[in-house]
Each structure stands twice: as structure tokens, then as C-alpha cells.
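To keep things clear, I will list the structure first and then write my remarks on it.
What follows is calculated from the coordinates using simple rules that are stated; it is not laboratory data. All values reported here derive from a predicted model rather than from experimental measurement. FYI the Cβ positions are ideal-geometry reconstructions off the backbone, even for glycines, and counts take in every protein chain you see.
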Amino acid sequence: MYNRLKTTKFAEANTKFEGLRSEVKTEISGLRSEFRAELATIKTNHFGHLKGFLTELTSILLDKEVINNTDKARLDNQLRDM
């Protein structure tokens, strides 16, 4: 009788463990998906801000006569193609 009770307790514990394991896997999968989506948003926003900054910088360099109109156009074309 002791062995049967012991086996039953192990089976119950194993079932509970597998259920928890499944829940954790599901939670991790959901968090991973959320993280990827947020990272993609951050990358897109960051790159957009960077392009805006570089465009402004080329304008300042042109105003200060560090670069000429041809150089600014080349830089702007590079930024547009990104």
C-alpha cells in the first residue's frame, strides 16, 4: 500500500510539474513575442530620429560652408535610400 501511495503522489507531483512547465513555456513565449515587437518599434523610431538628425546636420554644414550643395545632395540621397 505504501508503494502505491508513493507512486500516486509522484504521479500527482509530476502532473502538477508538467502543468507549471507548460504555463512557464507559454508565458516565456508571450514575453519573447512582446519583446521582439517592442524592439522592432524602438529600432524604427531610433532610425527615423537618426535620419532626421543627420539631415539637419548636413543643413548646418551647408550653412557653415563646410560642404557645398553637391555634397549635401549626395548625403541627402544616401539618407533617402536608407
Q) Between the helical axis of 2-63 and the dominant principal axis of the chain, each derived from Cα atoms, what acute angle in degrees is found, rounded to the nearest 10? A) 0 degrees
Q: Between THR41, THR70, THR58, find the one with the highest GNM mean-square fluctuation for the chain; connect C-alpha pairs within less than 10 Å.
A: THR70
Q. Taking other Cβ within 10 Å of each residue's Cβ, how do LEU75, LEU20 sort, fewest first?
A. LEU20, LEU75
Q. Tell me, how many Å apart are the Cα centres for the stretch 36-67 and for the stretch 17-34?
A. 38 Å
Q) Taking only DSSP H segments of four or more residues, each worth -39500 (n - 2.57), what value at 222 nm results for the chain once the sum is divided by all its residues, to the nearest 500 deg cm²/dmol? A) -33500 deg cm²/dmol
Q. Picking from LYS43, LYS16, LYS51, which is most flexible by a Gaussian network model of the chain using Cα springs under 10 Å?
A. LYS16
(Q) Whole percent per 10 Å bin, from 0 to the bin with the longest distance: what is P(r) over all C-alpha pairs of the chain? (A) 15, 21, 14, 12, 11, 9, 8, 6, 3, 0
Q) Using a Gaussian network for the chain with springs between C-alpha atoms less than 10 Å apart, which of these wobbles most: GLU38, GLU12, GLU27? A) GLU12
Q.
I want the local charge near GLU27. Using Cβ-Cβ distances under 13 Å, sum +1 for each Lys or Arg and -1 for each Asp or Glu among the other residues.
A. +1
Q) Across the stretch 8-82, how many lysine pairs, 8 or more apart or on two chains, come within less than 30 Å at their alpha-carbon atoms? A) 8
Q. Among ASP63, ASP76, ASP81, what is the fewest-to-most ranking by other Cβ atoms within 10 Å?
A. ASP81, ASP63, ASP76
